[in-house]
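Following: one structure in structure tokens, then a few remarks.
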């Protein structure tokens, strides 16, 4: 898969993960989008580890995999940095 496709999938997944996980991450919106890109790699790795297809291109399946990786990474980062949602 091309680098541009990874970036697009990661940005979409990062935006979706930001909408689901409450609170503000480190770096604001840009930081969350970068976390989404890294989450795409994590999601792809996790899915391939369990024998499923990871991120394969610019498609819905890849966005879902990257979204799951982005949510996992956002939860970890926010737990470590102590950033919580404001009520």
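Computed values, structure above
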| read-out | value |
| --- | --- |
| Residue satisfying all of: in the range 7-32; in contact with a helix residue (DSSP H, G or I) (Cβ under 6 Å, 6 or more places away or on another chain) and modelled with pLDDT under 75; surrounded by the fewest Cβ atoms within 10 Å (Cβ to Cβ) among these | 26 |
| Those residues of the range 48-77 which are at pLDDT below 80 and surrounded by 16 or more Cβ atoms within 10 Å (Cβ to Cβ), in sequence order | 54, 55, 62 |
| Where a residue in the range 34-60 is within 20 Å of residue 74 (Cβ to Cβ) and its partner, wherever it lies, is surrounded by fewer than 12 Cβ atoms within 10 Å (Cβ to Cβ) and modelled with pLDDT under 80, with Cβ under 8 Å and at least six apart | 47/53 |
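The values are calculated or read from the model by the stated rules, or taken from the named source; none is laboratory data. Computed from a predicted structure; not experimentally measured. Every residue, glycine among them, receives a Cβ derived from its backbone with ideal geometry; neighbour counts consider all protein chains shown.
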